[in-house]
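Read the structure below first, then the notes.
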Amino acid sequence: MRRRMTATAFAPNLTLKAVGDDVSQKWHGAVTDEIGGLIRVYKDGHVERPNIVPFVSSALPQELGVTSTDMVVDKFTNVWARVYVPNHVQNQLVPLIVYFHGGGFCVGSAGWNCYHEFLAKLALKVNCVIMSVNYRLAPENPLPAAYDDGFKALTWLGQRLQGASSEWWMRQCDFSRVFLAGDSAGANVAHHLATRLASNNGTKLKAVNSLCFKGAILIQPFFGGEARTESEKRTPQPPGSALTVAASDTYWRLALPRGSSRDHPWCNPLKQDKRSGCNLEKLRVLPRTLVCISERDILRDRNVEYCEALAKAGNVVECIVYDGVGHAFQVLSKSNTAQARALEMMSHVRAFVHR
């Protein structure tokens, strides 16, 4: 059986190195799929991922004023989460953001240092608790594994809240203000969880009935489609870009169920699909949605179209475009422009959450 994968490429300031060698090919057969420097998949399903982004522990500098800890969500599937709590919230309840990292469903981790730094700062800036979920990756676990793990994390959260063994950090959370969030593939996960929650008794399900979901925060959501958009055709991407059209096509071809096109609803939620029952006029998500878009991202037009479709279906949606930056700038770029835009994004998320 052929394995499937999705992934994203990363920023030019990262040193991409080749993975695999003659020994690997001898034992595992020919390379069937590869994203240079990120992942290589062999004929027998063996997968290699180089550590181009450092994995770090939950430790944070004391002067930052944020405490972080890791916990197991499901020991059988190895789903876990890292939580960020600003130290100054000890005597107050603050909103909870459940966050899903990017990486095209194939690479990435809640333990990557770029996410660790970004989410610690975001928790402090927004004045909230953040639960960053580490879900299973493709090609070993193709879609819908990431969606299932996301819902499992929400179920676990509700069960822990209802039980007597709630975690210490839960005592700081206002569970009447819960938000789903993520970037790139993680934003795709957040979208699909939002539609699932919205289609079952408003924003509540029995498994998570202690949680009240107030909205979703989607940062450069990773969508696709068979027809090319103008931004896909005409947005130049420098070498080492965080996402290219060729890479995106590969990710989706390998992530989706075998034989599916990029108009599958997991990839293209705006495509009218008789099999999936997708109806744009009835597209429902959570009460409010914030979509953060990068001007130089090949996904720009798809993200704008997504906002327009949500609004047309009667949803409350905010769409913000960040000038001069590309895909995943907030976690991968250290340029002055990217750092300034990242601070703007944090301010917009704070305003959205506390509105």
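The values are calculated or read from the model by the stated rules, or taken from the named source; none is laboratory data. Because the structure is a prediction, the values reported are computed rather than measured. Here Cβ is always computed from backbone atoms with ideal geometry, including for glycine, and neighbour counts include all displayed protein chains. Quick note on the areas: whole protein, heavy atoms, side chains included, nothing else; ligands and nucleic acids left out. Shrake-Rupley method; radii C 1.70, N 1.55, O 1.52, S 1.80 Å.
Numbers below:
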item: P(r) tail fraction, segment 212-351 - alpha-carbon pairs more than 22 Å apart, %; result: 42 percent
item: Antiparallel DSSP beta bridges within the chain, as percent of all bridges there, nearest 5; result: 40 percent
item: Residue-averaged 222 nm ellipticity for the chain, from DSSP H runs of 4+ at -39500 (n - 2.57), nearest 500; result: -9000 deg cm²/dmol
item: Counted charge near Asp149, where neighbours are those whose Cβ lies closer than 10 Å (Asp, Glu -1; Lys, Arg +1); result: 0
item: Descending semi-axes in Å of segment 165-259, equivalent ellipsoid built from Cα gyration tensor; result: 34, 16, 12
item: Reachable aspartates and glutamates, given that their alpha-carbon falls under 15 Å from the alpha-carbon of Lys75 and they are not under 8 places away in the same chain; result: Asp148, Asp149
item: Where chymotrypsin sites (Phe, Trp or Tyr not before Pro) fall in DSSP loop in segment 70-117, at most 15 other Cβ within 10 Å; result: Phe76
item: Nearest-10 value in Å² for the accessible area of Phe118, using the 1.4 Å probe; result: 10 Å²
item: Å² of accessible area per residue within the chain, as computed with a 1.4 Å probe and no ligands counted; result: 43 Å²
item: Karplus (6.51, -1.76, 1.60) ³J(HN,Hα), θ = phi - 60°, over segment 61-70, in Hz, Gly and Pro reported as x; result: x, 4, 5, 5, x, 10, 9, 10, 8, 9
item: Residue pairs, from the table Lys233/Lys271; Lys121/Lys214; Lys125/Lys214, whose Cα atoms sit over 26 Å apart; result: none
item: Sequence-distant residues sharing a close amide H with Leu38 (under 5 Å, placed H); result: none
item: Computed Rg/Rh of segment 117-201, alpha carbon atoms with Kirkwood Rh; result: 0.97
item: Amide H within-cut-off set for Glu318, under 5 Å, with H built and near neighbours excluded; result: Thr289, Leu290, Val291
item: For segment 66-165, projected area of the alpha-carbon convex hull averaged over all directions, nm²; result: 6.6 nm²
item: Solvent-accessible area, 1.4 Å probe, carbon plus sulfur percent, for segment 125-184; result: 47 percent
item: Debye equation applied to the C-alpha atoms of the chain, log10 I(q)/I(0) at 0.10 Å⁻¹; result: -0.57
item: Charge sum, other residues only, whose C-beta stays under 11 Å from Gly225's C-beta, Lys/Arg counted +1 and Asp/Glu -1; result: -2
item: Interchain or long-range residues, amide H under 5 Å from Asp174's placed H; result: Val94, Leu96
